[in-house]
Amino acid sequence: MTRMRIGFLGDGNITCTVRGELASRPYEVVGAFGRADVIPDGIDLLIEAATQTAVAERVPAVLERGTDVLLLSVGALADPGLRQRLAGGSGRLIVCTGAIGGLDQVRALRVGGVLDRVSVESRKLPGTLVQPWMDVALRQRLQSGTEEIVLDDDLATAVTRRFPASANVAAAVALAADAWDIATARVVADPTAVRTRHTIHASGGLGEVSVTVTNEPSPERPRSSAVVARAVVRSIDDYARLRGFDAPTGVVIL
């Protein structure tokens, strides 16, 4: 078999953590690339671990030339125009589950027909939810971290724009349910949320699913969950197995 060549778009905390995990695996890491860097040919899988803006600026061209991309900034897909552009290349776009579970069941329900309700509530420590568009008073309330505040309760597409670093979960749920027009997201600043908590609900003709996931925040970047990097590693291993590259022994679960 052949060693898989991996590149990273973005060189932040997730990239560093994933690269550390991959050190003991039979893959070749080509490098990590910033917004102005040339992404070389010959990469088998590009891991996008940057921003929604980077997805729009760099990923369509990478897919167009036939390179597969593992997407972490799922919130970018809330833009229907970008979704269409990303579907036009010969490379595969693969969405990482990241910080949440239950999407396999949501997708199975969707196969049975259009879902009638899709929602997700995310609770995080107040200080991790401060955004540039907030006024001074709201920022001070969040930074004090003493009260519960509902910061957003809207369609998932809108929430992902207002909380780009914290609401990839909302976009992932809407994508799994194929329900961009009805999926809602609620963002709550919760001073008791030492662990980030996501509660997902979906219902349709085949039944319903309710899932609550609690994650430890990343020590280096509390806005993100520590489990996200491990979800990336799991996705890389499954991709390598499916494509016939050298990979750790294991079974692919779809």
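A 1.4 Å probe run over the protein chains yields, for the stretch 30-101, 41 Å² of accessible area per residue, whole-number rounding. Between Arg230 and Arg92, the FRET efficiency estimated from the beta carbon spacing at R0 = 35 angstrom works out to 0.95. Compared with the dominant Cα axis of the chain, that is its longest principal axis, helix 227-243 is turned about 30°. With protein chains left intact and a 1.4 Å probe, residues in the stretch 102-249 average 47 Å² of accessible area per residue.
The accessible surface of the chain, taken with every protein chain in place and a 1.4 Å probe, is 51 percent carbon and sulfur.
The order of the peptides 18-27, 149-158 by mean Cβ neighbours within 10 Å, most packed first, is 149-158, 18-27. A Förster radius of 41 Å combined with the Cβ-Cβ distance from Glu216 to Glu28 puts the calculated FRET efficiency at roughly 0.85. A straight chain from Gln140 to Ile253 at 0.36 nm per residue would run longer than the Cα-Cα distance by 36.2 nm.
Modelled spin labels at Val194 and Gln84, positioned 7 Å past Cα toward Cβ, are 4.9 nm from each other. Applying 0.36 nm per residue to the separation of Val150 and Ile182 and subtracting their alpha-carbon distance, the gain on full extension is 9.6 nm. A simple spin-label model places pseudo-atoms 7 Å from Cα toward Cβ; at Asp104 and Gln131 they are separated by 3.3 nm. The gain in end-to-end length when the Arg243 to Glu64 segment is fully stretched comes to 62.5 nm, 0.36 nm per residue minus the alpha carbon separation.
Quick one: net charge around Asp37, please, counting Lys, Arg +1 and Asp, Glu -1 for every other residue with C-beta under 10 Å from its C-beta.
The answer is +1.
Against the chain, whose longest principal axis comes from its Cα atoms, helix 52-64 is set at around 30 degrees. Can you bin the chain into rounded, prolate or oblate? Criterion: square roots of the alpha carbon gyration tensor eigenvalues sorted a ≥ b ≥ c, rounded for a/c under 1.5, prolate for a/b above b/c, oblate for the rest. Judged from the Cα gyration tensor, the chain comes out prolate (a/c at least 1.5, a/b above b/c). The angle between the Cα long axis of helix 168-177 and the longest principal axis of the Cα atoms of the chain comes to about 80 degrees, rounded to the nearest 10. Classify the stretch 161-254: rounded, prolate or oblate, from the alpha-carbon gyration tensor (a ≥ b ≥ c, eigenvalue square roots; a/c under 1.5 rounded; otherwise prolate if a/b is larger than b/c)? Here the stretch 161-254 falls in the oblate category.
Okay, helix-only estimate at 222 nm for the chain: each DSSP H run of n ≥ 4 adds -39500 (n - 2.57), divide by all residues, round to 500 deg cm²/dmol; what do you get?
The helix contribution divided over the chain gives -9500 deg cm²/dmol.
The values are calculated or read from the model by the stated rules, or taken from the named source; none is laboratory data. Worth saying up front: this structure is predicted, and the values here are computed from it rather than measured. Cβ atoms come from the backbone with ideal geometry, glycine included; neighbour counts cover every protein chain shown. All accessible areas refer to the heavy atoms of the entire protein, side chains included, with ligands and DNA or RNA removed. Shrake-Rupley method; radii C 1.70, N 1.55, O 1.52, S 1.80 Å.
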